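Structure first, commentary second.
Just so it is clear, none of the values below were taken in a lab; they were calculated from the coordinates. Nothing here was measured: the structure is a model prediction, and the numbers come from that model. Here the Cβ is made from the backbone with ideal geometry for all residues, glycine too, and neighbour counts use every protein chain on show.
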Amino acid sequence: MLIGFRQSLGCENRGAPDIRDNVHNMKRDPLKFDGIPLETPLTERCMLVFILLSLALGYFVQTSNPLLSHLVSPLALYLGIGGALLAASGMLFRKKYFPVWYDLFASSVLLAWFAYWKTRFNDDSPMFFFFPVYFAAMAAFISLAFIGPCERLDNETVGYMRRLVEHKALQPWVVMLGTLGSLELLDHYLVFPIAVTLLLLRFALDCCVERNSRKGGRS
């Protein structure tokens, strides 16, 4: 009688999913739960520290924050250059952690740029507000428009992107050293933001190729 009552309520166990199957699926493929892909971590889709630092610099300049005196000190310059060189070395020898190296380099070179250029231009120069805001907006746009939907790209497009990634002239450490060298081009102040934009696009290429490689490995 009790069995018939449970069957009338549709509570029999034959068609119900077993939580143990879901746990087994997660052990077999940590990127999926019950066959559904889990979201890629935010730190692998965008340079979060770089975006936050860019917004902070723009805010500090706009409000004439007292912290600006520390950000233009020689210590900030040396920390920025040191972090950038460390990130370039890490990209050369430990490319597996490329999202960390890209974020570290972009944040460090931004700090070095601000410390180095702020003392060589007028205090009211608008680029110290607009450049960081542009960097934050461009990094967020690339993350949302290119990296986010990149797993839906066709194989031909992914193959073309992979060839770009493997091109010798476009290696990440080459782009990084070029961006770092642009700090000396004070007379051509637009070269630095162009170099940072190329760095962001190179990051997007690496992310797209990596995520599609994972997708191919899971299929």
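A few points about this structure:
- Pairs of lysines in the range 42-218 whose Cα atoms sit within less than 20 Å of one another amount to 4, provided the residues are eight or more positions apart or on different chains.
- Computed 3J(HN,Hα) for the range 112-128, one whole-Hz value per residue from the Karplus formula 6.51 cos²θ - 1.76 cosθ + 1.60 where θ = phi - 60°, is 5, 4, 5, 5, 7, 8, 5, 7, 10, 10, 4, 5, 8, 5, x, 5, 6, glycine and proline marked x.
- Square roots of five times the Cα gyration tensor eigenvalues for the range 87-186, Å: 29, 18, 12
- Using only alpha-carbon positions in the range 42-218, the gyration tensor eigenvalues give semi-axes of 30, 16, 14 Å once each is multiplied by 5 and square-rooted (largest first).
- Put simply, when 78-89, 102-113, 187-198 are sorted by average Cβ atoms within 10 angstrom per residue, most first, you get 102-113, 78-89, 187-198.
- Taking 0.36 nm per residue of separation and subtracting the Cα-Cα distance, full extension of the segment from residue 129 to residue 55 would add 25.7 nm.
- Computed label-point distance, nm, for sites residue 89 and residue 156 using a 7 Å Cα→Cβ extension: 4.5 nm
- Global form of the range 132-203, assessed from the alpha-carbon gyration tensor, a/c cut-off 1.5: oblate
- The local environment of residue 117, defined by Cβ-Cβ distances under 15 Å, has a net charge of -2 under the rule Lys, Arg +1 and Asp, Glu -1.
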